[in-house]
Amino acid sequence: MATMKKYHYTSKWSICLSLTLLSIVSLSFFFFITANKNPTSSASSDHQLRIQTSNPNSIKVYVADLPRSYNYGLIDQYWASTSPDSRLPSDPDHQTPHPHPPNRYPENPLIKQYSAEYWIMGDLETPQNLRTNSFAKRVFDANEADVVFVPFFATLSAEMELAKAKQKNMFRKKGDGNEDYKRQKEVIDFVINSDPWKRSGGRDHVFVLTDPVAMWHVRSQIAPAILLVVDFGGWYRLDSKSSNGNSSEMIQHTQVSLLKDVIVPYTHLLPRLYLSDNKKRQNLLYFKGAKHRHRGGVVREKLWDLLVNEAGVIVEEGFPNATGREQSIKGMRSSEFCLHPAGDTPTSCRLFDAIQSLCIPVIVSDNIELPFEGMVDYFEFSVFVALRDALTPNWLVRHLRSFSGEQKDKFRHRMAEIHPIFVYENNHPGGIGPILPDGAVNHIWKKVHQKLPMIKEAIVRAKRKPPGVSIPLRCHCT
């Protein structure tokens with residue numbers, strides 16, 4: 001009897017095991033058939049899953065297959081030109097014919113300050129075995145990528161057009177005479193007709209637009225993409241109905257947002273000062289730049305008039321080009337504080353020159369976006385001043401004199417610690433080679449990586465919209 005019961009239990013267990021195995025085999029066969037019936041859907045789902053589960057230590061980047069003429073070919077074209085930049089009294093790149101290394105970005109300070117596009121591209125072009133320091137991992141299949149990088153040197157394209165002596169007024173016009181407009185249209189036609197763009201609506205594409213006028217004519221078409229910008233100043237528009245023509249009532253354009261876009265640093269133009277080489281500073285405050293600017297820059301004129309006769313304060317016209325560079329180095333290194341008021345846009349390369357010079361930035365702005373916030377705390381090495389206070393006679397100078405020597409030393413030590421974050425250059429010919437592990441390029445990609453969950457959500461939400469239903473433009477949320 002015991003033997004019969006044992007056999008009975010064993011038989012039931014065997015039957016259960018057999019049914020379980022049969023179910024597993026059946027389900028596996030079902031999923032195999034389903035996957036093969038709809039490979040496109042499977043690939044799309046895999047791509048979405050990859051974005052959701054991206055490696056926290058890297059971001060996978062696919063480089064769109066644009067012709068070389070839109071990036072390094074533009075550099076060749078720039079150096080082949082014999083015409084100096086009409087905006088500069090002395091163009092360092094076109095004084096006399098001279099050989100230059102292949103793929104060398106211009107030294108013209110009006111262009112060099114916006115050279116992020118060049119250094120980001122150089123990192124991606126570096127052979128994989130030399131990219132161990134890079135947060136961005138280049139992939140060669142768009143289906144494997146987290147984002148798609150568009151390798152158009154939009155800043156260089158725009159600046160080459162602006163530099164033409166007889167065609168300054170042509171820049172904003174759409175026509176055969178505007179070579180930059182032609183390139184913009186060609187790039188957009190290429191990108192929006194690609195499969196990766198169609199799949200995501202462009203939301204996972206990355207454009208470098210550090211120059212306020214880069215991609216000027218096609219911004220509405222690339223608005224869904226991830227835009228790398230120095231600030232949002234170049235994206236303002238005037239609501240003539242509400243402002244009655246008053247330029248102080250600028251409203252922010254709805255095409256840019258901290259939810260998807262990344263604020264990146266200007267390229268500094270002055271060399272680094274090491275803390276060990278810092279010397280006693282004789283002046284309280286230094287500013288070098290143009291007095292008269294547009295839009296938010298009208299505040300600069302008022303500040304200039306308030307400060308120009310103050311003891312220990314130096315304000316002077318100029319730009320750190322070939323003739324004014326040494327003067328700027330001397331001024332920043334001999335001053336405790338460096339003034340950073342708005343110009344045509346809220347920020348400028350002056351802020352990053354000050355950091356390299358260990359000159360404590362005095363940021364006069366009620367509305368400014370700064371690179372890598374959340375990764376770096378500017379309050380640890382900068383002084384922020386409201387416009388209302390800065391324009392009160394004697395207030396700013398009194399405020400700056402109230403900082404103790406210990407506080408100022410602490411600011412400078414912190415600047416010395418974080419300065420690599422704002423450095424693009426890798427000291428390799430043509431910009432192609434290993435980058436600084438804690439430099440600007442890696443921090444930019446880390447910031448983009450932080451946006452991936454929101455980008456993924458936007459792509460999914462867009463797919464469920466019925467045909468013909470518009471999606472509201474993004475607000476500028478902070």
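Can you name the residue in the stretch 262-291 that is charged (D, E, K, R) and buried (at least 17 other Cβ atoms within 10 Å of the Cβ) and is also modelled with the lowest pLDDT among such residues?
Looking at residues that are charged (D, E, K, R) and buried (at least 17 other Cβ atoms within 10 Å of the Cβ), I get LYS288.
Being in contact with a strand residue (DSSP E or B) (Cβ under 6 Å, 6 or more places away or on another chain) and either within 20 Å of VAL63 (Cα to Cα) or modelled with pLDDT of 90 or more (or both) is the filter here, so list the residues in the stretch 190-239 that pass it.
Once the filter is applied, which keeps residues that are in contact with a strand residue (DSSP E or B) (Cβ under 6 Å, 6 or more places away or on another chain) and either within 20 Å of VAL63 (Cα to Cα) or modelled with pLDDT of 90 or more (or both), the stretch 190-239 yields PRO196, ASP204, HIS205, VAL206, PHE207, VAL208, LEU209, ILE222, ALA225, ILE226, LEU227, LEU228.
Out of the stretch 293-340, which residues are open to solvent by 50 Å² or more (accessible area, probe 1.4 Å) and modelled with pLDDT under 80?
Scanning the stretch 293-340 gives ARG293, HIS294, ARG295, VAL298, PHE319, ALA322, THR323.
Of all residues in the stretch 454-474, which are of a type in the set (Lys, Arg) and either open to solvent by 90 Å² or more (accessible area, probe 1.4 Å) or modelled with pLDDT under 80 (or both)?
ARG461, LYS463, ARG464, LYS465, ARG474
Mind checking which pairs have a first residue in the stretch 129-144 that is within 18 Å of LEU436 (Cβ to Cβ) and in contact (Cβ under 8 Å) with a residue 60 or more places away in the chain and a second that is surrounded by 14 or more Cβ atoms within 10 Å (Cβ to Cβ) and hydroxyl-bearing (Ser, Thr, Tyr), Cβ under 6 Å, 6 or more apart or different chains?
Close Cβ pairs satisfying both conditions: PHE135/SER58; LYS137/SER58.
Any chance you could count how many residues in the stretch 197-224 are in contact (Cβ under 8 Å) with a residue 60 or more places away in the chain and within 23 Å of TYR118 (Cβ to Cβ)?
Number satisfying all stated conditions: 9.
Determine whether the stretch 367-385 contains at least one residue that is on the phi > 0 side of the Ramachandran plot and under 20 Å from the mean Cα position of the chain (by Cα). Before the answer, list the steps.
From the stretch 367-385, those on the phi > 0 side of the Ramachandran plot are 372, 374; that's our starting set.
Those still in the list that are under 20 Å from the mean Cα position of the chain (by Cα) too: 372, 374.
Looking for residues that are on the phi > 0 side of the Ramachandran plot and under 20 Å from the mean Cα position of the chain (by Cα), one finds at least one in the stretch 367-385, hence yes.
If you scan the stretch 385-429, which residues turn out to be open to solvent by 30 Å² or more (accessible area, probe 1.4 Å), assigned to a loop (DSSP other than H, G, I, E, B) and over 23 Å from VAL298 (Cα atoms)?
The answer is SER402, PHE403, SER404, GLU425, ASN427, HIS428.
Inside the stretch 370-384, can you point out the residues that are outside any helix (DSSP H, G or I) and open to solvent by less than 30 Å² (accessible area, probe 1.4 Å)?
Once the filter is applied, which keeps residues that are outside any helix (DSSP H, G or I) and open to solvent by less than 30 Å² (accessible area, probe 1.4 Å), the stretch 370-384 yields LEU370, PRO371, PHE372, VAL376, PHE381, SER382, VAL383.
The values are calculated or read from the model by the stated rules, or taken from the named source; none is laboratory data. It should be emphasised that the depicted structure is a prediction, and the values quoted were computed from it without experimental measurement. For neighbour counting, all protein chains shown are included, and Cβ atoms are generated from backbone atoms with ideal geometry for every residue, glycine included. Side chains are part of the model used for accessible areas, which takes the heavy atoms of the whole protein and leaves out ligands, DNA and RNA. Shrake-Rupley method; radii C 1.70, N 1.55, O 1.52, S 1.80 Å.
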